[in-house]
Amino acid sequence: MTLYFTNAQMIDPEAGTVTRGTLQVEGTRIAAILPDGAPIPGDADSIDCRGKYLAPGIVDLGVKVCEPGERHKESFRSAGLAAAAGGVTTMVTRPDTTPAIDSPEVLEFVTRRANEAAPVNVVPMAALTKGREGREMTEISFLMDAGAVAFTDCDRVTTDTKVFSRALTYASSLGALVIAHPQEPVLSQGAAATSGKFASLRGLPAVSPMAERMGLDRDIALVEMTGARYHADQITTARALPALARAKKNGLDITAGVGIHHLTLNALDVADYRTFFKLKPPLRDEEDRIAVVEAVASGLIDIICSMHTPQDEESKRLPFEEAASGAVGLETLLPAALRLVHSEMMDIATLWRALSFNPAQRLGLPGGRLSTGAPADLVLFDSDAPFVMDRETLRSKSRNTPYDGSRMQGKVLETYVSGTCIYKAS
């Protein structure tokens, strides 16, 4: 089957360009990129993009799907539908489930469920230590054979440095990617806000931004010692950026990411104790937010993700200190990220590099490119379409979004996986 996307503004994050033209898809792959106005066969199937953006589907690194154990919060089916509606064609799922994904048997179960239920690509990560308890490393080699693309204990920091260094050494010998949460665990324990005058006035337990810097410094030292491939899941403070820059300059195999909420919200948003704004790490000061956005624009921070973390109503409708951390983000990732473009903090090709190309490259996945031979995982979207976010319309089972009621711009029109349309806006 041949399909032509005509009259499209094509975002190529690999080249950093936006060009008007026609994209030709043959079966499951991109066959050619044709100049604007190029003739196509009269009987061919074609889609007129009407000058809207056509881009590689988003590769979302760090999605929590609550199977096994908590399907009432999110299932592969509901997460997959939310991803499709948000232009996410590949979900890279976290292992912080109940039980944790720490054995080949659990990983194979999850992979089978994902393939049965989700309309998008699902690639799983596995736990770095058994039960994510930081005491004994998992069978990294066997888990890689079962399909794990990276290893992480998510927001649990391995406090035993000897255990962590052994895991990094073993992962290094296998070429496995380790993803860690840079945070000094004792300082950050129980924190619900970032320390400062605002947190004091609100009476919230807080953590200094230095806790992130301290955690990253430790991890960098261990990466230098072991030669491991390392990714920091979220860098959210200006204090951590010089250390990250030095590590990259010194040639260490380090990349870093940031969640979309930390790029578009700040510490003042928790003013009314709205628990949908309670995240881990907590929202930062505006100066930190701007510094991190600039780090993404410059390429110092490589990846933007949704950090999709479903929580049910019972977990969130509690006093701010006691409420569970996290927010859903699969459907809101694109319009929230476009705020950075509309505010002229970065161009759309740079944004797409962080959303799609860089995560695919870091994980060794074939997507994230708009070039001949690449998978036809595509998103067609209108970057300017305005709407008011209503959480009741979200396809996720949990609807804990901090953007509820916000005015946003950017709507997904169609989403394709392997050349097949899996979502079309009504």
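The values are calculated or read from the model by the stated rules, or taken from the named source; none is laboratory data. Remember, it's a predicted structure, so these values are computed and weren't measured experimentally. Positions of Cβ are backbone-derived with ideal geometry, glycine not excepted, and every protein chain shown enters the neighbour counts. SASA here: full protein model, heavy atoms, side chains in, ligands and nucleic acids out. Shrake-Rupley method; radii C 1.70, N 1.55, O 1.52, S 1.80 Å.
Brief remarks on what is shown
- Identified option (computed mean projected area of the Cα convex hull in nm²; candidates [x] 25.4; [y] 26.8; [z] 19.1): [z]
- Only helices enter this figure: runs of n ≥ 4 DSSP H residues, each worth -39500 (n - 2.57), summed and divided by the residues of the chain, yield -8000 deg cm²/dmol at 222 nm to the nearest 500.
- Acute angle (nearest 10 degrees) that the helix 76-85 long axis makes with the longest principal axis of the chain, alpha-carbon atoms: 60 degrees
- Note on the chain: antiparallel DSSP beta bridges, both residues inside, total approximately 50 percent of the bridges counted.
- Spin-label pair residue 225/residue 388, simplified geometry with 7 Å Cα→Cβ offset, distance in nm: 5.5 nm
- Within the accessible area of the chain, the carbon and sulfur atoms contribute 48%, probe 1.4 Å, all protein chains present.
- Whole-Hz ³J(HN,Hα) from phi, Karplus 6.51 cos²θ - 1.76 cosθ + 1.60, for region 409-418, glycine and proline x: 10, x, 10, 6, 9, 8, 10, 10, 10, 6
- In straight-distance terms, cross-link reach from residue 278 covers every one of the lysines whose alpha-carbon lies under 27 Å from its own, apart from those fewer than eight places away in the same chain; here that gives 64, 73, 197, 316, 397, 411.
- A simple rule links phi to the HN-Hα coupling: the Karplus curve 6.51 cos²θ - 1.76 cosθ + 1.60 with θ = phi - 60°, which for region 136-153 gives 9, 5, 7, 7, 4, 4, 5, 5, 5, 4, 7, x, 5, 9, 6, 10, 7, 9 Hz, with x for Gly and Pro.
- Alpha carbon centroid spacing (whole Å) that separates region 271-306 from region 194-213: 15 Å
- Note on residue 249 and residue 286: the extension gain reaches 10.6 nm, defined as 0.36 nm multiplied by sequence separation minus the Cα-Cα distance.
- Spin-label model distance (nm) - residue 141 vs residue 322, 7 Å beyond Cα toward Cβ: 4.9 nm
- Given their separation in residues at 0.36 nm each and the Cα-Cα distance between them, residue 371 and residue 166 gain 69.8 nm when the chain is fully extended.
- Region 344-418 and region 218-255 have their alpha-carbon centroids 27 Å apart.
- Solvent exposure of the chain amounts to 39 Å² per residue of accessible area, where only protein heavy atoms count and the probe is 1.4 Å.
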